[in-house]
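Comments concern the structure below.
Since every read-out is calculated from the coordinates, none of them should be taken as a lab result. None of the values given here were measured: they were computed from a predicted structure. Because the Cβ atoms are built from the backbone with ideal geometry, glycine has one as well, and the counts that use them run over all protein chains shown.
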Amino acid sequence: MVPQRACDNAPGLLCMILGRVCQDHERTLKKFTKILFVGALGIAVVLGLTVAGLWVRPPELIRIGANYAAKIVCSNVFLAGRDPDEVLAIDVLAAGNPLLRLMRVSVDRTHGIVRSGLFGFIGGGLAVTRPGEGCTVLPDGDLAARGSPSPSTATPADPGAEWPQGEAVQTDPRLDRLIADEALAGPGWRAIVVVHHGRIVAERYATGFSAATPLIGWSMAKTVTAGLIGLLVKDGRLTVTRAAGWPTVPGDGRDRIRISDLLSMTSGLHFNETYGDVSDLTRMLFLEPDMARFARDQPLEHPVGQVWSYSSGTAMILSRIFEDAAGPAPLDFVRRRLFGPLGMASATFETDEHGTLAGSSYLYASARDWARYGLLLAQAGMWQGQQILPRDYVEMMASPVAASGGQYGHGQLWMWGSDPVTPGVDPDAAFGIPADAFWMEGHDGQSVAMIPSRELVVVRMGLTPDTQHYSPQRLVQAALQATAAP
């Protein structure tokens, strides 16, 4: 209503007009307030329905992110003994997808269960740990799906014996000062170990990490998987020329794929190896209970043996081939025939929900144990006078695949270290790295350089995405120069 004082000082007609204006204004304000309330209520309903829909049927990208967060936190908490909040804030977010910033993780230490989801409840991320097996993603949410645990029987190395038989290390102060150079270590480094003439001559660990901390090698696991195939070749249980051997559709061409085609990444099978989005790789690792089956069900995209295409799926197929040939206890075989003889007591090969070794990606080991495996390959399969892997098999592993342009070997390893700035170009020669060098490499900056002619192994572990543009060649070059004969 118009104030009485305004009417007292105005003619009657003007007072009446002012009254109507005020009434109209009041009605408009009430109407507008009602519209705002109804609109806000509608938005709240829509948001509620959207959240409910995401919770009931989350998109694949959210499910992948949730399982990724659960898996990374699980392994780092139960294997490496790290703080879950730190792992979520640093390791998980390093993947770069903004959705991961909204992930919340809960850790049940009593039962070894990690759950994750967008805002804590969307996506159903689930991982479980079991003694001796590390952590496993359970994409279907079935906590009872995994069988009984397989506790490790590995004997820890004698702390008083010299490495590699034990854990006693006498480093060279000059080399220790060398690897203290942050430019050589690179952003996000976590561990560096330099081995010369079969002994650790330098090592360094970032804050929060130590010589005993298990670190994920990502795709370096592929090279270990190739070594496991080599053990079965030595036993006569497998030959690399044998057919991969799984049921195929008659006439689809996949029956022509041999183990050697899988080892050299020339199977011809389709596989999208894209990171950070929904791809064959992320779907296999975080949505598929049986990763090997998913990989081998892919269609043939290229003629077998003619086109090189990097694929984590082929490594999972090799893992299943190894599992089938090794017998009913493949993890025991790995420990008895590889990890045990090398003293790799920290090494844990994780599995998928089906129970197959995740030979494409999920091997955790200390930097010293990664160095042990690198030394085995640098010595052509020889270890303390025993031929663990056949010499000719290791030489085959380190021979270049022509279809790869010479950058990849026939045994799931690289003939030169990768350069994120100029991928596909050999940077080793520019740094004076000998031609007989070969590499294990993994996602986010994991690398082991092996140079047999110089009896040198250089391990560099970290969390260094390609966007950091770090290349390990400078570190290896410095180690070569420092260990050169005077």
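Peptides 468-478, 165-175 ranked from most to least packed, by the mean per-residue count of other Cβ atoms within 10 Å: 468-478, 165-175. By how many degrees, 0 to 90 and rounded to 10, does the Cα axis of helix 12-56 deviate from the longest principal axis of the chain? On a 0 to 90 degree scale, this one is about 20.
Sorting 454-464, 268-278 by average packing, meaning the other beta carbons within 10 Å per residue, from highest down gives 454-464, 268-278.
Label positions at A429 and A484, each projected 7 Å from the Cα along the C-beta direction, are separated by 2.0 nm.
Could you work out the local net charge near D91, counting Lys and Arg as +1, Asp and Glu as -1, over the other residues with Cβ closer than 10 Å to its Cβ?
On the way: positive: R82; negative: E86, D444.
Computed value for this residue: -1.
With neighbours defined as other Cβ atoms within 10 Å of a residue's Cβ, the residues D235, D466 order from fewest to most as D235, D466. Under a 5 Å amide H cut-off, with hydrogens placed 1.01 Å from N, R190 pairs with M461, G462, L463 among residues at least 5 apart or on other chains.
Taking the inverse of the mean 1/r over every pair of distinct Cα atoms in the stretch 158-483 gives a Kirkwood hydrodynamic radius of 19.8 Å.
A full extension of the chain between S106 and D181 corresponds to an added length of 23.2 nm, given 0.36 nm per residue minus the alpha carbon distance.
Counting Lys and Arg as +1 and Asp and Glu as -1 over every other residue whose Cβ lies under 12 Å from the Cβ of A295, the net charge comes to -1. With viscosity 1.567 mPa s and temperature 4 °C, the Kirkwood radius over alpha carbon pairs of the stretch 266-353 converts through Stokes-Einstein to a diffusion coefficient of 89 µm²/s.
The local environment of G409, defined by Cβ-Cβ distances under 13 Å, has a net charge of -2 under the rule Lys, Arg +1 and Asp, Glu -1.
Using the Cα gyration tensor of the stretch 61-137, with a ≥ b ≥ c the square roots of its eigenvalues, what is the shape: rounded (a/c below 1.5), prolate (a/b larger than b/c) or oblate (neither)?
Values: a/c = 1.90, a/b = 1.48, b/c = 1.29.
Verdict is prolate for the stretch 61-137.
Would you mind telling me the antiparallel percentage of the DSSP bridges in the stretch 158-483, rounded to 5?
Details: 35 of 37 bridges.
Among the beta bridges of the stretch 158-483, antiparallel pairing accounts for roughly 95 percent.
Stick to Cα atoms and the Kirkwood definition of Rh, then tell me Rg/Rh for the stretch 362-480. Result for the stretch 362-480 is an Rg/Rh of 0.94. With R₀ fixed at 56 Å, the C-beta to C-beta distance from A161 to D252 puts the FRET efficiency at about 0.55. Full extension of the chain between R237 and A402 yields a length gain of 56.6 nm, computed as 0.36 nm times the residue separation minus the alpha carbon distance. Our coupling estimate for the stretch 96-105, obtained by passing each phi through the Karplus curve with A = 6.51, B = -1.76, C = 1.60 and θ = phi - 60°, is x, 6, x, 4, 5, 5, 9, 6, 10, 10 Hz, Gly and Pro reported as x.
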